[in-house]
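Colleague: Once you've had a glance at the structure underneath, I'll fire off some questions.
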Amino acid sequence: MANNRNYKQEYKTQVDRSEHENRMERQRARRKLDAKGVDRKGKDVAHVKALSKGGSNATGIKLESPSKNRSFKRNSDGSMK
């Protein structure tokens, strides 16, 4: 028997961790490219300066392959270098 996910709790946790605003920023970046008519099939919308490092859509966005966008050097605690 599968356990049901508590989506309200997941959302609350995301807001508490300050992840919600970054998720919205990523969504706005994707919609911005979609509105321009950019074909982003098979690509990730990457921020030039990572959101975790203080970046935003204003600092620039670009299309990257998923393998390049999702692999970064890490510190021992798992955060980006």
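Where a number appears in this text, it was derived from the coordinates with a stated rule and is not lab data. Predicted, not measured: the structure shown is a model, and the values here were computed from it. Using ideal geometry, Cβ is built from the backbone for each residue, glycine included, and neighbour counts are taken over all protein chains shown.
Colleague: Please give the helix 20-36 orientation as an angle from the longest Cα principal axis of the chain, in degrees from 0 to 90, rounded to the nearest 10.
Modeller: 40 degrees
Colleague: Here's another thing I want to ask about it. Fewest Cβ neighbours within 10 Å first, please rank R74, R26 accordingly.
Modeller: Ordered from fewest to most neighbouring Cβ atoms within 10 Å, R74, R26 come out as R74, R26.
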